[in-house]
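A.B. asks: Here you go, one structure.
The values are calculated or read from the model by the stated rules, or taken from the named source; none is laboratory data. Quantities reported herein were computed from a predicted structural model and do not represent experimental measurements. FYI the Cβ positions are ideal-geometry reconstructions off the backbone, even for glycines, and counts take in every protein chain you see. Just so you know, the surface numbers come from the protein's heavy atoms only, side chains and all, with ligands and any DNA or RNA stripped out. Shrake-Rupley method; radii C 1.70, N 1.55, O 1.52, S 1.80 Å.
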Amino acid sequence: MTDRLQQMLRDEADGLTVPPAPAGAVLVAGRRRRRRRTVAAAAAAGALTVVVAGAAVGLGGLDRDAPSPDTASDPAAGSGAVFSVGRTVYLDDGATSARVDDTVVKSLYYTSAGVLVRHGDDPASDGGGPQRFSLVRPDRSVSPVSVETEETAHATDPAQPYLAWAEATPGGAEVVVRDVGTDTEVARVPVPGRFSWSPPPVSLDGDTVYVGGGRTTWAVDWRTGEVVDSGLDTLLPQVAGGHAVRTDRGGSGVVDVATGEVLVDVPTEDGIFVDVRLSPDGRYALLVPEQDYTTGGSEGTEASVVDIATGSAVLLPPEVGQGFPGWTPEGEPFVVTGDTLLACSPVDGACTRTGLEIEDLPDQGDDAPAPGSSQELRLGGVTYES
């Protein structure tokens with residue numbers, strides 16, 4: 001969803017009346033409280049500049065051929081990219097695959113029980129009909145999940161086996177949480193109020209489901225049933241690892257949910273808005289400059305990725321900034337272009353190109369194929385719901 005569309009929805013939501021939630025502290029128990037450095041990033045037509053601890057770093061001058069740091073102990077060294085073509089899900093950078101029993105995949109989510117697949121009669125989310133789910137387990141077996149929704153945005157936490165979503169009710173909405181590993185419902189919590197669209201979008205982080213779509217972003221502890229104002233100002237919540245994306249007329253960035261501290265600040269400059277996307281575990285933020293519509297575009301602008309804990313930032317190849325990059329489960333941004341998968345390290349920006357031997361593989365930049373086409377491409381870690 002673009003910044004402009006979010007702002008239109010925000011203006012509509014401002015007129016809604018929402019009753020107060022039960023009193024209580026914001027649900028942030030168990031999250032790390034250590035203080036992090038603040039990162040400020042400014043968009044320019046040719047490159048991004050990141051200010052870390054008072055020092056400005058021009059990302060355009062980074063050396064992609066510099067030696068890579070030792071990542072043997074890095075938890076981000078791992079299992080590779082996940083994507084799908086039609087109804088076939090490819091894992092381990094395309095080395096293995098599994099197939100769901102449906103027409104086409106709509107999106108892919110990471111969970112501790114395996115890769116959760118949202119699929120249906122056609123690839124669309126808006127007006128795409130029923131949304132069904134299957135779990136691709138680590139042994140590549142496929143199990144159906146007893147969930148069917150429509151026009152609904154869903155969320156997972158890669159460290160947990162849960163799927164969360166909201167259902168509309170006469171008094172507002174109801175948050176539903178299901179264990180996809182055991183295929184059992186574990187929680188159903190009512191949320192009061194009116195929303196600018198129904199059912200409202202959600203984001204799952206630990207024991208908390210964040211519910212957007214209205215004037216207030218609710219924080220729902222699905223284990224205790226407590227519902228409070230999260231303090232976040234967003235219609236489309238994106239929360240992971242205790243971090244949340246914030247967007248307003250002045251720009252975008254990342255905040256600490258527990259403290260409200262601004263960790264990454266990306267002001268809109270020269271008409272260029274920078275889209276911020278969190279990695280599945282919330283450790284990294286991908287900064288992707290959108291097209292400058294006032295001057296005819298910002299071609300050649302390169303994306304970058306920021307380590308939120310340390311403030312370090314690295315430049316990524318132009319291919320990553322085009323379209324909607326995916327994330328590997330370990331936090332590497334990746335794209336599929338031509339017959340190649342390009343995955344880049346968030347630590348040093350070094351990228352690996354892997355040839356894909358998939359017949360009639362569509363390019364990420366191709367025009368969307370007809371609904372139900374076997375050529376539809378979906379990347380893991382991308383929110384395709386709108």
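A.B. asks: Report the calculated FRET efficiency for ARG188 and VAL262 (r = Cβ-Cβ distance, R0 = 35 Å), to the nearest 0.05. Please list the in-between numbers first.
C.D. replies: Values: r = 35 Å, r/R0 = 0.99.
Calculated value: 0.50.
A.B. asks: Efficiency by 1/(1 + (r/R0)^6): what FRET value for GLU150 and ARG249, r their Cβ-Cβ distance, R0 = 35 Å, to the nearest 0.05?
C.D. replies: The formula returns an efficiency of 0.60 here.
A.B. asks: Starting from the Cα of SER112, step 7 Å along the direction of its Cβ; do the same at ASP270; then give the gap between the two resulting points in nm.
C.D. replies: Distance between label points: 4.6 nm.
A.B. asks: Students sometimes get this wrong: rank ASP102, ASP93 by accessible area, probe 1.4 Å, all chains present, largest first. Please list the in-between numbers first.
C.D. replies: Numbers: ASP102 25, ASP93 50 Å².
The most accessible residue leads, giving ASP93, ASP102.
A.B. asks: Hey, quick one: spin label on ALA159, modelled 7 Å out along Cα-Cβ, who in segment 313-339 has an amide N within reach, i.e. under 12 Å?
C.D. replies: Under cut-off, by backbone N: nothing.
A.B. asks: Between THR340 and THR310, with labels modelled 7 Å along Cα→Cβ, what's the label distance in nm to one decimal, could you check?
C.D. replies: With each label placed 7 Å out from Cα toward Cβ, I get 2.7 nm.
A.B. asks: Grab the Cα-Cα distance for ALA168 and ASP229, subtract it from 0.36 nm times how many residues apart they are, and report the gain in nm with one decimal. If you can, show how the numbers build up before the last one.
C.D. replies: Values: separation 61, 0.36 × 61 = 21.96 nm, distance 1.90 nm.
Gain in length upon complete extension: 20.1 nm.
A.B. asks: Between ASP126 and SER143, with labels modelled 7 Å along Cα→Cβ, what's the label distance in nm to one decimal, could you check?
C.D. replies: If labels sit at ASP126 and SER143, their model points lie 3.5 nm apart.
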